[in-house]
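Structure, as structure tokens:
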Amino acid sequence: MARYLVTGGCGFIGSHLIERLLAAGHEVRVLDDLSTGKRENLSEGVPVTVGNVADPAAVEAAMAGTDGCFHLAAVASVDRSREAWLETHHANLSGTVAVLDAARRANPRGPVPVVYASSAAVYGDNPNMPLTEDAATRPLSAYGADKLGCELHARVADGVHGVPTTGFRFFNVFGPRQDPKSPYSGVISIFAGRIARGEPITVNGDGEQVRDFVYVKDLVRYLTAAMDDAKPGAPVFNVCTGKPTTVNRLAEVLAELSGRPLDRRFGPARTGDIRVSIGDPSRLVAAFGMTCDTSLEDGLRDTLAWL
Ligand code: NAD
Ligand code: UD1
């Protein structure tokens with residue numbers, strides 16, 4: 001049994017990770033500012049410190065005496081990073097440096113490992129699909145630039161300070177507990193919520209933009225495996241299926257599965273929206289021996305059932 005800090009643990013991905021950690025018998029504590037996360041996402045008894053991950057004293061206190069940190073706290077919305085550039089930069093990049101710095105001193109036995117969320121947004125407008133981890137990083141958003149910054153600082157943490165780090169470039173993650181009400185949430189939860197309530201959906205642009213959707217319960221298995229076996233060299237891995245889905249197709253499948261008519265409207269394209277994002281999972285599969293194998297349809301059924 002180990003003791004872990006999960007930053008952003010009250011959020012969508014964090015809450016699934018914590019479910020898995022608790023089921024394995026680990027002790028978990030959370031640092032979260034509850035800006036998008038909710039305590040109700042967690043079972044009772046999980047200690048939550050309400051604080052900002054960019055506040056070094058809060059991070060230091062939350063991490064003291066732990067065996068490792070899963071760092072998920074961030075403003076996850078690309079759109080929000082356009083509207084609130086500096087604010088999201090503090091959370092997304094300074095927050096990561098605060099976590100890596102605290103990991104140096106968290107445990108008297110020595111630096112503790114940090115497993116953190118990067119993003120497919122680091123590839124930006126790189127057109128070479130499917131994207132391997134060696135593809136050029138060309139972020140189009142402040143969010144993507146900050147996630148790339150996290151990876152660079154993770155290399156410093158490993159090489160200069162002896163903090164083992166593993167970064168995961170999540171592609172588009174979906175599943176239960178992704179907030180269906182927030183305009184800053186992921187497209188699947190927004191569409192699923194609106195279709196289920198009989199409301200129209202708005203497609204940004206022509207809807208032919210492509211994403212690689214990953215089911216959350218597949219994803220969290222990699223996070224715990226990386227913590228169990230931290231490797232030197234600050235590795236980063238895509239977490240993806242390699243399967244493309246357009247936003248239009250997604251809307252149609254959701255309407256079909258929920259048995260509702262599709263009321264689809266087209267709005268302006270989002271500024272800085274990535275056109276095509278498909279990952280190559282080869283490195284992930286080779287390193288961890290498992291694939292993201294939940295089909296889009298099965299994952300969507302689970303998501304709709306949760307609403
Ligand atoms: P989420 O918004 O549900 O979770 C983020 C959590 O971090 C929330 O609980 C929020 O309250 C907390 N948080 C935000 N800013 C904070 C701050 N300054 N201090 C403390 N807590 C703060 O989003 P999510 O989808 O669960 O994202 C988790 C991580 O995965 C993020 O780092 C995100 O960038 C990354 N990611 C998500 C996706 C996706 O498709 N959902 C894809 C790539 C990367
Ligand atoms: C998402 C994640 C981001 C992650 C990235 C990795 C969220 C909120 N964002 O960004 O954290 O790093 O994947 O690939 O989880 N769309 C519509 N109508 C809507 C909402 C969205 O057409 O109502 C479109 C968007 O314009 C975009 C696509 O759907 O083309 C996906 O949007 P979104 O779910 O916000 O994800 P990303 O921007 O890809």
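If you place +1 on the Cβ of every Lys and Arg, -1 on the Cβ of every Asp and Glu, and leave all else neutral, what size is the dipole of the stretch 69-175 about its Cα centre, to the nearest 20 Debye?
300
Could you compute the net charge surrounding Glu133? Neighbours are other residues with a C-beta less than 15 Å from the C-beta of Glu133; K and R count +1, D and E count -1.
Net charge in that neighbourhood comes out at +2.
Mind pulling the angle between the C-alpha long axis of helix 296-306 and the longest principal axis of the chain? Nearest 10 degrees, somewhere in 0 to 90.
Compared with the principal axis, the helix lies near 80 degrees.
Among the DSSP beta bridges whose two residues both lie in the stretch 165-289, what percent are antiparallel, rounded to the nearest 5?
Of all bridge pairs located within the stretch 165-289, approximately 15 percent are antiparallel.
Hey, in the GNM for the chain with a 10 angstrom Cα cutoff, which one of Gly186, Gly14, Gly205 fluctuates hardest?
In this elastic network of the chain, the residue with the biggest mean-square fluctuation among Gly186, Gly14, Gly205 is Gly205.
Sequence gap at least 6, Cα distance under 8 Å: using those rules, report the relative contact order of the chain to the nearest whole percent.
Across the chain, relative contact order equals 17 percent.
Rank these residues by their accessible area, most exposed first, probe 1.4 Å: Thr7, Thr241, Thr49.
Of Thr7, Thr241, Thr49, the descending order of accessible area is Thr49, Thr241, Thr7.
Short version: ³J(HN,Hα) in whole Hz for each residue of the stretch 177-192, in order, from phi by Karplus 6.51 cos²θ - 1.76 cosθ + 1.60 (θ = phi - 60°), x for Gly and Pro, what are they?
Couplings: 6, 7, 4, x, 9, 7, x, 9, 7, x, 4, 5, 5, 5, 4, 4 Hz.
Taking every DSSP beta bridge that has both residues in the chain, what percent is antiparallel when rounded to the nearest 5?
Antiparallel: roughly 5 percent of the beta bridges in the chain.
Let me spell out the model: positive unit charges on the Cβ of Lys and Arg, negative unit charges on the Cβ of Asp and Glu, origin at the Cα centre of the chain. What dipole size does that give, in debye rounded to 20?
100
Using a 1.4 angstrom probe with every protein chain in place, what is the largest-first accessible-area order of Tyr143, Tyr123?
Ranking Tyr143, Tyr123 by accessible area, largest first, yields Tyr143, Tyr123.
Which order do peptides 155-166, 78-89 fall in by mean Cβ count within 10 Å, highest first?
Those peptides, ordered most packed to least, come out 155-166, 78-89.
Angle between the Cα long axis of helix 12-23 and the longest principal axis of the chain, 0 to 90 degrees, nearest 10?
Rounded to the nearest ten degrees, it is 50.
With a 1.4 Å probe and all protein chains kept in place, how do Lys147, Lys181, Lys243, Lys231 rank by accessible area, largest first?
So, going from the largest accessible area down, we get Lys181, Lys243, Lys231, Lys147.
The values are calculated or read from the model by the stated rules, or taken from the named source; none is laboratory data. As the structure is a computational prediction, the values presented were derived from the model and not from experiment. With ideal geometry, Cβ positions are generated from the backbone for all residues, glycine too; neighbour counts draw on all protein chains shown. For accessibility, only protein heavy atoms count, side chains too; no ligands or nucleic acids. Shrake-Rupley method; radii C 1.70, N 1.55, O 1.52, S 1.80 Å.
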